[in-house]
Structures are given as C-alpha cells and as structure tokens.
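Undergrad: Pasting a structure here, questions to come.
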Amino acid sequence: MDTSNEDISRDHVRKVFRAMLTARVLENKLGSLYKAGKIAGGVYLGKGQEAVSASLAACLIKGRDVYAPLIRDQAGRTAFGEELIDCTRTYLGSVEGPMRGRDGNIHRGRPRDGMPAMISHLGSAISLVSGMLLAKRLRGEMQGVLGGTCVGDGCTSTGSFHEGLNTAAVEKLPLVLTVANNQYAYSTPNDRQFVCDDLVDKAQGYGVRGHSVDGTDMLACIRVMKNAADRARAGEGPQLVVASMLRLTGHGEHDDGSYVDGELRESELGRDSIDVGRDQMIRNNFSDEAEITGWEAEAAKTVQAAVAQAQKESEPDPYQDDWRAFATPNIQGR
Ligand SMILES: Cc1ncc(C[n+]2csc(CCOP(=O)(O)OP(=O)(O)O)c2C)c(N)n1
Ligand SMILES: [Mg+2]
C-alpha cells in the first residue's frame, strides 16, 4: 500500500473506491436523463472530484457525525450512506423522496442522519455544520464527533467562507473543511479569484492547520483526509484541506465548460481520479480487474433500479400537500 498511514484499512480504501465508481455510474445516468429532457431543472455533477469527495465522507460516521455535501459530492453522499433512491427520487420529482418532490436536484438531505440539505454552494454549509457541532457540544454529545463539508475555490472569496471558518476556529470545532480547487468558479479562473500563491496559505490566517493534496490521486486523498479527520476528532480544531483537480464536466450539464484552458486539461490536474484510483486498487492488491468490473455492473443495476422506481412514483399533489418543511412530519408521516 503506497500510503504511510498504517491505520488506513483495506476496507476503508475499497469503500472509497466503490463509492467513487457508483457515483460515476449514477452521474452518467443523470447526465443522460437530463439530455433526454427527463429532468426538470439543472443537473450538477462531480465528475473528476470523486476521490476528494468520497475520501472525506468515508471518515464520517452516519448517525453520529455531521456531513454537509455540496453539488459535486455524489461520491461523498454514497460513501456516507445516502441511498441512491434518495437521489433519483429528488431529481425525478417523486413525492416519496426525502424532499417530497418539492425541491430540485441537489438540495436534498436527511438532517436526522446528520446530513443537512444543501442551501447554497457558496459557503453557507460551513456555518451550518459549525452550528450543528456547537449544538452537539451544548448538549454534551461532542465526544469524538466530526463535521465535514466541501466547498469550491470560488467559495473561498465569499464572506460566508470567512465568517464560517473564523467562527469554527474560534470555537475550535472538530471540522474538516475541504476546498475542491477545480481551478474555476463557473467560468472564472483562479487568477481572477485570488492572489495568494496557494489557497492553503489561507489556513494560517485563520489559525487552523492546512493540508494540500492532489485531488486526482485517490490514495493521497484518502491518506490526507484521514489524517485531517483524526486531528479534528482529537480536538486540534478545524482542518483546511485544499485538493486540486479539474471538474471533468461543465458547471452544470447545461454548460459545456469550453472556457477551461486546454493546457490545464492536458496537465496532471486533468487526470480522472477514477482511472487513477482503479490503477491504484489493482497495483496495491486492494482489488482486481474482475472484481472492479463486477462492482461496475452492480452499480449499473442498482442505478437502473433506482431510476425505474422513482420514474413510476407520483409527483406531489399541491391539493394534498401540507406545505411544511421536510424535517417536520407531514400528513403521511414522512
Ligand atoms: C451567493 C451566490 N452567488 C452566486 C451563485 C451562483 N453560483 C453557484 S456555484 C457558483 C460558482 C462556484 O464556484 P466554486 O466555489 O469554485 O465551486 P465549483 O462550482 O467550481 O465546484 C456560482 C457563481 C450562488 N449559488 N450563490
Ligand atoms: Mg471551482
């Protein structure tokens, strides 16, 4: 195993890679459904960012920890334990979904499982996770708890980022804040976004520990994220992890991403973390070609079943709906 962290288990690595693979199969399907006009609203994918996403969420324990996924975190959602049916029901507007068919695509969550619904891509999750962690502290439930969320490079220029990270640092909260630096905020490149040499330099200004990682390198992401998670859980306060890569798709499926620099695409940043991960799995004997092919086939079957199920379910009925928030039981008790 080419990672120096002895306490990273084989099961942990396999879990991360399978979540990445499943997310990619699901996202390919979502992209096709969007292009076929079967999805109302936007589709926002995390292609290329799976390693970062899954390796953070794999460090979190559903039911105990707090995880606030953003639009590119399908792999993280899967690693955290979100059922695929929650995703397909939300995208396809099923009343059986966690948002009861009333909220579009990525704004879904299950707060009782420690996974709040996404508010905005631009930093609101940082304060949200911090607030949930503070609540746990006040209730005396903080022992060993961890919170995690992931934002983009563009988010680091917002007031929400500053306020959220600063407060988390002052309160010394057990938070892993990941920045997926995919080099663009929609079409705005890094050099129009910030002038520090490296986003990880910002950690020092907040008095938190910073970590850098190549976001296309699955094993490196697993190692760095586990280290950051262990430190936060142990009481060292917030950890800022900056991972670099490209998104291998548009900002959303409506966007062809043609503004992305061709040289960047050809660089190491343009590698596909799934290809890198597959190679690492085989080279380090975590799995083999046949097993991975089997995982892909299984993912395709599960995704197909989740889409078919959601497609045959009803939309919400405005005359029946009680219009309360999803966290409040509705008339059907969902
Ligand atoms: C306050 C606010 N302004 C603008 C938007 C529209 N918007 C959503 S994501 C995004 C770009 C985010 O870029 P980045 O943080 O780098 O994340 P990435 O999309 O690259 O993952 C923008 C401009 C928004 N959701 N909220
Ligand atoms: Mg970005």
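The values are calculated or read from the model by the stated rules, or taken from the named source; none is laboratory data. Please read these numbers as outputs of a predicted model, since none were measured by experiment. Glycine gets a Cβ as well: all are built from the backbone with ideal geometry, and neighbour counts include every protein chain shown.
Undergrad: From the list MET142, MET132, MET225, which residue is crowded, with 24+ Cβ neighbours inside 10 Å and closer than 20 Å to PHE80 by Cα? Even if it seems obvious, please write down each step before you answer.
TA: Details: MET142 fails: crowded, with 24+ Cβ neighbours inside 10 Å; MET132 fails: crowded, with 24+ Cβ neighbours inside 10 Å.
Result: MET225 is the single residue among MET142, MET132, MET225 that is crowded, with 24+ Cβ neighbours inside 10 Å and closer than 20 Å to PHE80 by Cα.
Undergrad: Scan region 174-191 for residues that are free of Cβ contacts under 8 Å to residues at least 40 places away in the same chain, more than 8 Å from ligand 2 (Cβ to nearest atom) and part of a strand (DSSP E or B) and jot them down. Please lay out each step first, then the result.
TA: Our first condition is that a residue be free of Cβ contacts under 8 Å to residues at least 40 places away in the same chain; within region 174-191, this holds for 185, 188, 190-191.
Still in the list and also more than 8 Å from ligand 2 (Cβ to nearest atom): 188, 190-191.
Once the filter is applied, which keeps residues that are free of Cβ contacts under 8 Å to residues at least 40 places away in the same chain, more than 8 Å from ligand 2 (Cβ to nearest atom) and part of a strand (DSSP E or B), region 174-191 yields only THR188.
Undergrad: Here is a further query. Can you tell me which of (1) of a type outside the set (Asp, Glu); (2) within 16 Å of ligand 1 (Cβ to nearest atom); (3) part of a loop (DSSP other than H, G, I, E, B); (4) under 22 Å from ALA229 (Cβ atoms) is the one ALA51 doesn't meet?
TA: Going through (1) of a type outside the set (Asp, Glu); (2) within 16 Å of ligand 1 (Cβ to nearest atom); (3) part of a loop (DSSP other than H, G, I, E, B); (4) under 22 Å from ALA229 (Cβ atoms) one by one, ALA51 breaks only (3).
Undergrad: Report the residue count in region 74-99 for those that are in a helix (DSSP H, G or I) and charged (D, E, K, R).
TA: So the first thing to find is which residues in region 74-99 are in a helix (DSSP H, G or I), and the list is 74-80, 84-91.
Subset that is charged (D, E, K, R): 77, 86, 89.
Residues flagged as in a helix (DSSP H, G or I) and charged (D, E, K, R) within region 74-99 amount to 3.
Conditions (1) at pLDDT 95 or above; (2) away from ligand 1 (no atom under 14 Å from the Cβ), marked per residue:
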{"residue": "ILE119", "(1), (2)": "no, no"}
{"residue": "GLN143", "(1), (2)": "no, yes"}
{"residue": "THR149", "(1), (2)": "yes, no"}
{"residue": "ALA168", "(1), (2)": "yes, yes"}
{"residue": "PRO174", "(1), (2)": "yes, yes"}
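Undergrad: Filter region 257-271 for residues that are part of a helix (DSSP H, G or I) and among the charged types (D, E, K, R) and give the result.
TA: GLU263, ARG265, GLU266, GLU268 - these are the residues of region 257-271 that are part of a helix (DSSP H, G or I) and among the charged types (D, E, K, R).
Undergrad: Follow-up. Can you pull out the residues in region 258-269 that are touching a residue at least 60 places away in the same chain (Cβ under 8 Å) and within 23 Å of MET218 (Cβ to Cβ)?
TA: Taking region 258-269 first, the residues touching a residue at least 60 places away in the same chain (Cβ under 8 Å) are 259-261, 264, 269.
Matches in region 258-269: VAL260, LEU264, LEU269.
Undergrad: Return the residue satisfying two criteria in turn: it lies in region 176-204 and is more than 15 Å from ligand 1 (Cβ to nearest atom) and among the β-branched types (Val, Ile, Thr), and of such residues it is farthest from GLN143 (Cα to Cα).
TA: Checked region 176-204; the qualifying residue farthest from GLN143 (Cα to Cα) is VAL195.
Undergrad: Let me ask something else about it. Those residues that are in contact (Cβ under 8 Å) with a residue 60 or more places away in the chain, away from ligand 2 (no atom under 16 Å from the Cβ) and either aliphatic (A, V, I, L, M) or within 19 Å of GLN74 (Cβ to Cβ) (or both), I need them from region 112-162; list them, please.
TA: Once the filter is applied, which keeps residues that are in contact (Cβ under 8 Å) with a residue 60 or more places away in the chain, away from ligand 2 (no atom under 16 Å from the Cβ) and either aliphatic (A, V, I, L, M) or within 19 Å of GLN74 (Cβ to Cβ) (or both), region 112-162 yields ALA117, LEU128, VAL129, MET132, LEU133, VAL145, LEU146, GLY148.
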